[in-house]
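Trainee: This is the structure I have questions about; it appears just below.
Derivation of every value follows stated rules applied to the coordinates shown; laboratory data play no part. All values derive from a computational prediction rather than experimental measurement. Neighbour counts run over all protein chains shown; Cβ positions are idealised from the backbone, glycine included.
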Amino acid sequence: MTSYVALLRAVNVGGTGKLPMADLKRIAGELGFEAPRTFIASGNLLFRSNADEAEVRERLEDGLEKHMGKRVPVMVRTAAELAAVAMANPFGDAPGRRVLVTFLSKTPPDDSLQHVRGLDGERLALGRREIYVDYCGRLLGRSRLKIPAADKGTARNMNTVAKLAEMAKEAE
């Protein structure tokens, strides 16, 4: 059985996409996922399943659409993949709270960083299916950074990524 972390896009943010984490946990259980649990109220779900990643994502997106009445994109990683994302942080010299990882469903194009707009000192790097951004001490809400390749992804700060990786490993 594989330990997974599902990262939901645009739930419980700014009053849109409200999804109580108790509902997310219940939905995951109804979908047949084992030992579902959530971490902080921003759409982080940990569970185990014998299904592969594509099936897990499809089942979650279908189940959430039934519950919420709209499609909610879900990025899925195994415990090992999430640990690798944390270990690959190219900005380990920066505090985890200011480094964001945008999780994508597929590998970003090689030229993704050439299309960035509003860059004002932030550092960026491509991962396997992620884009890392160090905001270099700037307030996230004031950044004008636009990364077109990240538009369909979902971001978590490195502190959250590290905690989710730890929790997923414990669940194995």
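Trainee: For residue 72, what residues show an amide H to amide H distance below 5 Å, using hydrogens built from the backbone and excluding near sequence neighbours?
Mentor: Amide H to amide H, under 5 Å and 5 or more residues apart or across chains, residue 72 pairs with 65.
Trainee: Per residue and in cubic angstrom, what volume does the convex hull of the Cα atoms of segment 30-107 have? Provide the component values of the computation, followed by the final result.
Mentor: On the way: hull volume 9.3 nm³, N = 78.
Residue-normalised Cα hull volume stands at 119 Å³.
Trainee: Need one number: nm distance between label points at residue 34 and residue 62, each 7 Å from Cα along Cα→Cβ, rounded to one decimal.
Mentor: Taking the simple label geometry, residue 34 and residue 62 are separated by 2.1 nm.
Trainee: With point charges of +1 on the Cβ of Lys and Arg and -1 on the Cβ of Asp and Glu, referenced to the Cα centre of segment 2-78, which listed residue (35, 67, 20) lies farthest in the positive direction of the dipole?
Mentor: Toward the positive end, the furthest listed residue is 20.
Trainee: Give, rounded to the nearest 20 debye, the magnitude of the charge dipole that segment 81-170 has about its Cα centre when Lys and Arg contribute +1 at Cβ and Asp and Glu contribute -1 at Cβ. Let's see the in-between values first.
Mentor: On the way: 15 positive and 11 negative charges, 65 e Å.
Here the size comes out at about 320 debye.
Trainee: Just the projected area, averaged over all directions, of the convex hull on the alpha carbon atoms of the chain: how many nm²? Don't skip to the end; give the middle numbers.
Mentor: Details: hull surface 37.9 nm².
It is 9.5 nm².
Trainee: Using a Cα-Cα cut-off of under 27 Å, which lysines could be cross-linked to residue 169, ignoring same-chain neighbours fewer than 8 residues away?
Mentor: List returned: 25, 106, 152.
Trainee: Right, another one. So how much slack lies between residue 1 and residue 125, counting 0.36 nm per residue of separation and subtracting their Cα-Cα distance, in nm?
Mentor: Full-extension gain reported as 41.4 nm.
Trainee: Let me ask you something else. Which cross-chain or sequence-distant (5 or more) residues have an amide H under 5 Å from the amide H of residue 136, H modelled 1.01 Å from N in plane?
Mentor: Excluding prolines and chain starts, which carry no amide H, the hits are 123.
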